[in-house]
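**Student:** Have a look at this one.
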Amino acid sequence: PVAYQRLLHPDGEAASARAAKAAGVPFTVSTLSSVPVEELAGIGGSVWFQLYWLREDGRALELARRAEDAGCEALMLTVDVPWMGRRLRDERNGFALPDHVRAAHLDAGPASTAHRGTAHGSAVAAHTGQALSPALTWSHVAELRAHTRLPLVLKGVLDPQDALHALESGVDALVVSNHGGRQLDGALPSVDALARVVEVVGDRCEVLLDSGVRGGTDVLKALALGASGVLVGRPPAWGLAAGGENGVRQVLDLLSEELRDALGLAGCQNVAEARELYVGMGRTG
(Lines give C-alpha, C1' and ligand atoms only; values in the text may rest on other atoms or scores of the structure.)
Protein backbone atom coordinates (compact mmCIF):
# COMPACT_ATOMS: atom_id res chain seq x y z
CA PRO A 1 0.00 0.00 0.00
CA VAL A 2 1.38 3.37 -1.11
CA ALA A 3 -0.48 6.59 -0.27
CA TYR A 4 -1.35 9.55 -2.50
CA GLN A 5 -0.31 8.03 -5.83
CA ARG A 6 -1.81 10.93 -7.76
CA LEU A 7 1.26 12.83 -6.60
CA LEU A 8 3.18 10.62 -9.05
CA HIS A 9 0.78 10.41 -12.01
CA PRO A 10 -2.68 11.84 -12.79
CA ASP A 11 -4.22 8.34 -12.87
CA GLY A 12 -2.70 7.49 -9.50
CA GLU A 13 -3.81 4.25 -7.90
CA ALA A 14 -6.06 3.38 -10.84
CA ALA A 15 -3.03 2.96 -13.09
CA SER A 16 -1.30 0.79 -10.49
CA ALA A 17 -4.39 -1.34 -9.97
CA ARG A 18 -4.76 -1.96 -13.70
CA ALA A 19 -1.11 -2.97 -13.94
CA ALA A 20 -1.45 -5.33 -10.97
CA LYS A 21 -4.52 -6.91 -12.56
CA ALA A 22 -2.58 -7.48 -15.78
CA ALA A 23 0.26 -9.07 -13.80
CA GLY A 24 -2.10 -11.31 -11.84
CA VAL A 25 -1.09 -9.99 -8.43
CA PRO A 26 -3.20 -8.33 -5.70
CA PHE A 27 -3.26 -4.55 -5.40
CA THR A 28 -3.51 -3.13 -1.89
CA VAL A 29 -5.44 0.13 -1.53
CA SER A 30 -4.14 2.50 1.16
CA THR A 31 -6.39 4.25 3.65
CA LEU A 32 -4.64 7.36 2.30
CA SER A 33 -5.31 6.47 -1.34
CA SER A 34 -6.02 9.40 -3.63
CA VAL A 35 -8.56 7.26 -5.55
CA PRO A 36 -11.55 5.72 -3.70
CA VAL A 37 -11.64 1.99 -3.08
CA GLU A 38 -14.89 1.54 -5.02
CA GLU A 39 -13.28 2.80 -8.23
CA LEU A 40 -10.22 0.61 -7.73
CA ALA A 41 -12.22 -2.51 -6.93
CA GLY A 42 -14.30 -1.81 -10.04
CA ILE A 43 -11.20 -2.34 -12.20
CA GLY A 44 -11.72 -6.03 -11.61
CA GLY A 45 -8.45 -7.33 -10.21
CA SER A 46 -7.75 -8.80 -6.78
CA VAL A 47 -7.93 -5.86 -4.37
CA TRP A 48 -6.96 -5.76 -0.69
CA PHE A 49 -7.53 -2.79 1.62
CA GLN A 50 -4.95 -1.40 4.04
CA LEU A 51 -6.51 0.12 7.15
CA TYR A 52 -5.03 2.59 9.61
CA TRP A 53 -6.89 2.58 12.91
CA LEU A 54 -8.53 6.00 13.19
CA ARG A 55 -9.02 8.09 16.31
CA GLU A 56 -12.75 7.39 16.11
CA ASP A 57 -13.21 3.62 16.41
CA GLY A 58 -16.52 3.81 14.60
CA ARG A 59 -14.96 5.48 11.56
CA ALA A 60 -12.27 2.80 11.35
CA LEU A 61 -14.90 0.06 11.42
CA GLU A 62 -17.01 1.92 8.86
CA LEU A 63 -14.01 2.12 6.53
CA ALA A 64 -13.42 -1.61 6.95
CA ARG A 65 -17.03 -2.30 6.04
CA ARG A 66 -16.80 0.07 3.09
CA ALA A 67 -13.84 -1.91 1.76
CA GLU A 68 -15.74 -5.16 2.25
CA ASP A 69 -18.82 -3.80 0.49
CA ALA A 70 -16.65 -2.60 -2.42
CA GLY A 71 -15.48 -6.15 -3.03
CA CYS A 72 -12.04 -6.20 -1.43
CA GLU A 73 -10.69 -9.70 -0.79
CA ALA A 74 -8.61 -9.00 2.34
CA LEU A 75 -8.19 -6.39 5.05
CA MET A 76 -4.66 -5.35 6.06
CA LEU A 77 -4.37 -3.50 9.37
CA THR A 78 -1.14 -1.52 9.71
CA VAL A 79 0.03 -1.46 13.33
CA ASP A 80 3.35 0.42 13.26
CA VAL A 81 2.14 3.99 12.71
CA PRO A 82 0.72 5.48 15.92
CA TRP A 83 1.90 8.70 14.28
CA MET A 84 4.09 9.46 11.29
CA GLY A 85 7.82 9.20 11.91
CA ARG A 86 9.95 12.31 11.49
CA ARG A 87 10.67 12.96 7.82
CA LEU A 88 13.13 15.81 7.90
CA ARG A 89 12.98 16.63 4.19
CA ASP A 90 9.19 17.04 4.43
CA GLU A 91 9.63 19.30 7.46
CA ARG A 92 12.30 21.44 5.81
CA ASN A 93 10.17 21.82 2.70
CA GLY A 94 6.92 22.46 4.57
CA PHE A 95 5.43 19.66 2.47
CA ALA A 96 1.68 19.82 1.78
CA LEU A 97 -0.59 18.12 -0.71
CA PRO A 98 -1.53 20.03 -3.87
CA ASP A 99 -5.22 20.79 -4.34
CA HIS A 100 -5.78 17.99 -6.85
CA VAL A 101 -4.61 15.26 -4.44
CA ARG A 102 -6.62 14.24 -1.40
CA ALA A 103 -7.15 11.36 0.97
CA ALA A 104 -10.20 10.00 -0.82
CA HIS A 105 -11.42 7.94 2.15
CA LEU A 106 -11.00 10.66 4.77
CA ASP A 107 -11.45 14.12 3.22
CA ALA A 108 -14.16 15.68 1.10
CA GLY A 109 -11.89 18.12 -0.73
CA PRO A 110 -8.70 20.21 -0.74
CA ALA A 111 -9.39 21.86 2.60
CA SER A 112 -7.84 19.38 5.01
CA THR A 113 -4.84 19.93 7.24
CA ALA A 114 -2.79 17.97 4.70
CA HIS A 115 -3.20 20.85 2.21
CA ARG A 116 -2.24 23.68 4.55
CA GLY A 117 1.53 23.98 4.39
CA THR A 118 3.66 25.88 6.87
CA ALA A 119 7.22 27.16 6.76
CA HIS A 120 8.31 24.72 9.46
CA GLY A 121 6.60 21.35 9.39
CA SER A 122 4.90 18.71 7.29
CA ALA A 123 1.21 19.26 6.64
CA VAL A 124 0.82 15.56 5.81
CA ALA A 125 2.30 14.57 9.18
CA ALA A 126 -0.07 16.97 10.91
CA HIS A 127 -3.01 15.50 9.01
CA THR A 128 -2.17 11.89 9.88
CA GLY A 129 -1.62 12.96 13.49
CA GLN A 130 -5.19 14.24 13.57
CA ALA A 131 -6.69 11.22 11.83
CA LEU A 132 -4.76 8.18 13.11
CA SER A 133 -5.09 6.73 16.59
CA PRO A 134 -1.93 6.62 18.73
CA ALA A 135 -3.56 4.06 21.03
CA LEU A 136 -4.12 0.93 18.93
CA THR A 137 -4.28 -2.17 21.16
CA TRP A 138 -4.82 -5.91 20.76
CA SER A 139 -8.44 -5.38 21.77
CA HIS A 140 -8.91 -3.27 18.63
CA VAL A 141 -7.47 -6.08 16.52
CA ALA A 142 -9.92 -8.52 18.10
CA GLU A 143 -12.77 -6.04 17.53
CA LEU A 144 -11.87 -5.71 13.87
CA ARG A 145 -11.63 -9.50 13.56
CA ALA A 146 -15.18 -9.81 14.89
CA HIS A 147 -16.39 -7.00 12.63
CA THR A 148 -15.30 -8.32 9.23
CA ARG A 149 -15.68 -11.59 7.36
CA LEU A 150 -12.61 -10.82 5.24
CA PRO A 151 -9.23 -12.46 5.84
CA LEU A 152 -7.37 -10.21 8.29
CA VAL A 153 -3.71 -9.39 7.68
CA LEU A 154 -1.56 -7.61 10.29
CA LYS A 155 1.19 -5.42 8.81
CA GLY A 156 4.14 -4.07 10.77
CA VAL A 157 5.20 -7.08 12.88
CA LEU A 158 8.90 -7.52 13.72
CA ASP A 159 8.78 -9.27 17.09
CA PRO A 160 7.94 -12.98 17.48
CA GLN A 161 5.88 -12.32 20.61
CA ASP A 162 3.74 -9.85 18.70
CA ALA A 163 3.27 -12.52 16.05
CA LEU A 164 1.92 -14.88 18.72
CA HIS A 165 -0.40 -12.17 20.07
CA ALA A 166 -1.67 -11.66 16.52
CA LEU A 167 -2.49 -15.35 16.20
CA GLU A 168 -4.40 -15.20 19.47
CA SER A 169 -6.36 -12.25 18.08
CA GLY A 170 -7.50 -14.30 15.09
CA VAL A 171 -5.45 -12.87 12.22
CA ASP A 172 -5.05 -14.90 9.04
CA ALA A 173 -1.67 -13.55 7.91
CA LEU A 174 1.23 -11.39 9.05
CA VAL A 175 3.39 -8.90 7.18
CA VAL A 176 6.89 -8.63 8.61
CA SER A 177 7.61 -4.97 7.89
CA ASN A 178 9.49 -1.95 9.25
CA HIS A 179 7.40 0.39 7.07
CA GLY A 180 10.12 0.77 4.49
CA GLY A 181 12.51 2.09 7.13
CA ARG A 182 10.58 5.38 7.22
CA GLN A 183 9.16 5.22 10.73
CA LEU A 184 12.20 4.79 12.98
CA ASP A 185 15.86 5.16 12.06
CA GLY A 186 17.78 2.06 13.12
CA ALA A 187 14.74 -0.21 13.19
CA LEU A 188 15.40 -3.90 12.66
CA PRO A 189 15.46 -4.75 8.94
CA SER A 190 12.43 -6.82 8.00
CA VAL A 191 14.51 -9.55 6.39
CA ASP A 192 16.44 -9.99 9.64
CA ALA A 193 13.21 -10.44 11.60
CA LEU A 194 11.52 -12.78 9.13
CA ALA A 195 12.97 -16.16 10.09
CA ARG A 196 12.17 -15.78 13.81
CA VAL A 197 8.56 -14.82 13.06
CA VAL A 198 8.16 -17.75 10.68
CA GLU A 199 9.61 -20.07 13.31
CA VAL A 200 7.17 -19.12 16.05
CA VAL A 201 4.00 -19.14 13.92
CA GLY A 202 4.81 -22.31 11.97
CA ASP A 203 2.01 -23.22 9.62
CA ARG A 204 -0.69 -21.47 11.64
CA CYS A 205 -0.82 -18.45 9.31
CA GLU A 206 0.71 -17.00 6.18
CA VAL A 207 3.77 -14.74 6.58
CA LEU A 208 4.63 -12.06 4.02
CA LEU A 209 7.71 -9.81 3.82
CA ASP A 210 7.57 -6.08 3.20
CA SER A 211 10.28 -3.38 3.10
CA GLY A 212 13.44 -3.49 1.03
CA VAL A 213 12.21 -5.65 -1.86
CA ARG A 214 13.89 -4.21 -4.93
CA GLY A 215 14.52 -7.19 -7.19
CA GLY A 216 14.03 -10.88 -7.86
CA THR A 217 16.87 -11.96 -5.58
CA ASP A 218 15.14 -10.18 -2.68
CA VAL A 219 12.01 -12.24 -3.37
CA LEU A 220 14.11 -15.43 -3.50
CA LYS A 221 15.71 -14.63 -0.12
CA ALA A 222 12.30 -14.03 1.43
CA LEU A 223 11.00 -17.35 0.12
CA ALA A 224 14.09 -19.15 1.40
CA LEU A 225 13.55 -17.64 4.86
CA GLY A 226 9.98 -18.92 4.95
CA ALA A 227 7.83 -16.13 3.55
CA SER A 228 4.90 -17.11 1.37
CA GLY A 229 5.19 -13.89 -0.62
CA VAL A 230 6.36 -10.29 -0.60
CA LEU A 231 4.92 -6.80 -0.90
CA VAL A 232 6.55 -4.22 -3.16
CA GLY A 233 5.96 -0.49 -2.83
CA ARG A 234 8.70 1.79 -4.11
CA PRO A 235 9.60 0.03 -7.39
CA PRO A 236 6.02 0.18 -8.75
CA ALA A 237 5.79 3.77 -7.50
CA TRP A 238 8.91 4.65 -9.50
CA GLY A 239 7.37 2.95 -12.51
CA LEU A 240 4.16 4.92 -12.03
CA ALA A 241 6.05 8.22 -11.88
CA ALA A 242 8.08 7.37 -14.98
CA GLY A 243 5.40 5.89 -17.21
CA GLY A 244 1.97 5.57 -15.62
CA GLU A 245 0.26 2.20 -15.97
CA ASN A 246 2.81 1.00 -18.53
CA GLY A 247 5.64 1.91 -16.18
CA VAL A 248 4.13 -0.14 -13.37
CA ARG A 249 3.61 -3.06 -15.77
CA GLN A 250 7.26 -2.93 -16.78
CA VAL A 251 8.39 -2.98 -13.15
CA LEU A 252 6.20 -5.98 -12.30
CA ASP A 253 7.30 -7.81 -15.45
CA LEU A 254 10.93 -7.16 -14.57
CA LEU A 255 10.45 -8.46 -11.02
CA SER A 256 8.87 -11.61 -12.42
CA GLU A 257 11.71 -12.14 -14.87
CA GLU A 258 14.31 -11.57 -12.16
CA LEU A 259 12.63 -14.05 -9.85
CA ARG A 260 12.53 -16.73 -12.53
CA ASP A 261 16.20 -16.08 -13.24
CA ALA A 262 17.15 -16.20 -9.55
CA LEU A 263 15.23 -19.43 -9.02
CA GLY A 264 16.94 -21.10 -11.92
CA LEU A 265 20.43 -19.95 -11.00
CA ALA A 266 19.86 -21.14 -7.43
CA GLY A 267 18.96 -24.58 -8.75
CA CYS A 268 15.25 -24.33 -7.99
CA GLN A 269 12.59 -25.51 -10.41
CA ASN A 270 9.79 -23.75 -8.55
CA VAL A 271 8.92 -21.61 -5.55
CA ALA A 272 8.47 -24.62 -3.27
CA GLU A 273 12.10 -25.62 -3.80
CA ALA A 274 13.23 -22.11 -2.87
CA ARG A 275 12.10 -22.84 0.68
CA GLU A 276 14.77 -25.53 0.91
CA LEU A 277 17.61 -23.08 0.30
CA TYR A 278 20.13 -21.92 2.87
CA VAL A 279 20.28 -18.17 3.47
CA GLY A 280 23.05 -16.93 5.72
CA MET A 281 22.88 -18.96 8.94
CA GLY A 282 19.19 -19.84 8.63
CA ARG A 283 17.34 -22.59 6.88
CA THR A 284 13.64 -23.21 6.41
CA GLY A 285 11.82 -26.06 4.78
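**Student:** I'm a student and want to see the number: the projected area of the Cα convex hull of segment 94-158, averaged over all directions, in nm².
**Tutor:** Values: hull surface 25.5 nm².
The number I arrive at for segment 94-158 is 6.4 nm².
**Student:** Per-residue counts of other Cβ atoms within 10 Å, averaged by peptide: what ranking do you get for 126-134, 2-10, highest first? Mind showing how you got there, number by number?
**Tutor:** Working: 126-134: 17.8, 2-10: 19.8.
Packing proxy ranking, top to bottom: 2-10, 126-134.
**Student:** Rounded to the nearest 10 Å², what accessible area does PHE95 have for a 1.4 Å probe in the complete protein model?
**Tutor:** Approximately 70 Å² for this residue.
**Student:** Here is a follow-up. Once the piece of chain linking ASP57 and THR118 is laid out straight, how much longer is it, given 0.36 nm per residue of separation minus the C-alpha distance between them? Before the final figure, lay out each step's value.
**Tutor:** Working: separation 61, 0.36 × 61 = 21.96 nm, distance 2.95 nm.
Additional length available on full extension: 19.0 nm.
**Student:** HN-Hα J couplings of segment 6-15 from phi, Karplus 6.51/-1.76/1.60, θ = phi - 60°, integer Hz, Gly and Pro as x?
**Tutor:** 6, 5, 9, 7, x, 7, x, 4, 5, 5
**Student:** For the chain, with all protein chains present and a 1.4 Å probe, just round the carbon and sulfur fraction of the accessible area to a whole percent. All intermediate terms of the calculation are to be shown ahead of the outcome.
**Tutor:** On the way: 6840 of 13380 Å².
Of the solvent-accessible surface of the chain, carbon and sulfur hold 51 percent.
**Student:** What order, most packed first, do the peptides 193-199, 49-55, 138-144 have when packing is the mean number of other Cβ atoms within 10 Å of each residue? Don't skip to the end; give the middle numbers.
**Tutor:** On the way: 193-199: 21.3, 49-55: 23.0, 138-144: 16.3.
In decreasing order of mean packing, 193-199, 49-55, 138-144 become 49-55, 193-199, 138-144.
**Student:** Please compute P(r) over all alpha-carbon pairs of segment 1-130, binned at 5 Å starting from zero, and give each bin as a whole-number percent.
**Tutor:** Reading the bins upward from 0: 2, 11, 20, 22, 20, 14, 8, 3, 0.
**Student:** Further question on the same structure: Pairs of Cα atoms under 8 Å, at least six residues apart: use those to get the relative contact order of segment 42-166, whole percent.
**Tutor:** Values: 167 pairs, mean separation 39.7, N = 125.
Relative contact order comes out at 32 percent.
**Student:** Next question. How many nm is it between the label spots at ALA135 and SER228, if each spot is 7 Å from the Cα in line with the beta carbon?
**Tutor:** Taking the two extended label points, one gets 3.5 nm.
**Student:** In whole Hz, what ³J(HN,Hα) sequence does segment 58-66 give by Karplus (6.51, -1.76, 1.60; θ = phi - 60°), x for Gly and Pro?
**Tutor:** Per-residue couplings from phi come out as x, 5, 4, 5, 5, 5, 4, 5, 4 Hz.
**Student:** Another question, if that's okay. Normalising by the residue count of segment 138-285, find the relative contact order in percent from Cα pairs under 8 Å and 6+ residues apart.
**Tutor:** Details: 234 pairs, mean separation 26.4, N = 148.
The value is 18 percent.
**Student:** Same structure, new question: Using alpha-carbon pairs under 8 Å, 6+ residues apart, how would you state the relative contact order of the chain in percent? Working shown, then result.
**Tutor:** Working: 556 pairs, mean separation 45.8, N = 285.
Result for the chain is 16 percent.
**Student:** Same structure, new question: Distance between Cα centroids, segment 15-90 to segment 149-226: provide it in whole Å.
**Tutor:** 18 Å
**Student:** In nm, to one decimal, how far is the modelled label at GLU38 from the one at GLU257, with both set 7 Å along Cα→Cβ?
**Tutor:** Distance between label points: 4.0 nm.
**Student:** Next question, about the same structure. Could you give the Stokes-Einstein D for segment 209-254 in µm² per second, using the C-alpha Kirkwood radius, 4 °C, 1.567 mPa s? Can you show the working numbers first?
**Tutor:** Values: Rh = 10.9 Å.
In µm²/s, the coefficient rounds to 119.
**Student:** At q = 0.23 Å⁻¹, work out log10 I(q)/I(0) for segment 6-58 with the Debye formula, treating every Cα as an identical point scatterer and leaving solvent out; two decimals please.
**Tutor:** Debye intensities relative to I(0), on a log10 scale: -0.83.
**Student:** For LEU188 and ARG66, calculate 0.36 nm times their separation in residues minus their Cα-Cα distance, and state this gained length in nm to one decimal. Mind showing how you got there, number by number?
**Tutor:** Details: separation 122, 0.36 × 122 = 43.92 nm, distance 3.38 nm.
So the chain would gain 40.5 nm between LEU188 and ARG66.
**Student:** Could you order MET84, MET76 so the one with the most accessible surface comes first? Probe is 1.4 Å.
**Tutor:** Working: MET84 35, MET76 0 Å².
Largest to smallest exposure gives the sequence MET84, MET76.
**Student:** Now a separate question. May I ask for the equivalent-ellipsoid semi-axes of segment 124-184, computed as the square root of five times each C-alpha gyration tensor eigenvalue and listed largest first in whole Å? Show your work: numbers first, answer last.
**Tutor:** Details: eigenvalues 92, 52, 22 Å².
Working from the Cα gyration tensor, I get semi-axes of 21, 16, 10 Å.
**Student:** Kindly list the residues of segment 1-18 that lie in the label zone of HIS100, defined by a backbone N under 13 Å from the point 7 Å along the Cα-to-C-beta vector.
**Tutor:** 6-12
**Student:** For segment 86-227, compute the orientation-averaged projected area of the C-alpha convex hull (one quarter of its surface), in nm².
**Tutor:** Values: hull surface 42.1 nm².
Reported value for the Cα convex hull: 10.5 nm².
**Student:** Amide H to amide H, which residues 5 or more places from TYR4 or on other chains are under 5 Å from it, using H placed in the peptide plane?
**Tutor:** Hits under the 5 Å cutoff: SER33, SER34.
**Student:** Leaving out ligands, DNA and RNA but keeping every protein chain, what accessible area does VAL25 have, in Å² rounded to the nearest 10, with a 1.4 Å probe?
**Tutor:** The accessible area comes out at roughly 60 Å².
**Student:** Given 0.36 nm per residue, what is the gain on full extension from GLU73 to ARG86 after removing their alpha carbon distance, in nm?
**Tutor:** Contour length minus Cα-Cα distance gives 1.4 nm.
**Student:** Across bins of 5 angstrom width beginning at 0, how are the C-alpha pair distances of the chain distributed, in whole percent?
**Tutor:** 1, 6, 12, 16, 19, 18, 15, 9, 4, 1, 0, 0
The values are calculated or read from the model by the stated rules, or taken from the named source; none is laboratory data. Fair warning: this is a prediction, and the values are worked out from it, not measured in the lab. Positions of Cβ are backbone-derived with ideal geometry, glycine not excepted, and every protein chain shown enters the neighbour counts. For accessibility, only protein heavy atoms count, side chains too; no ligands or nucleic acids. Shrake-Rupley method; radii C 1.70, N 1.55, O 1.52, S 1.80 Å.
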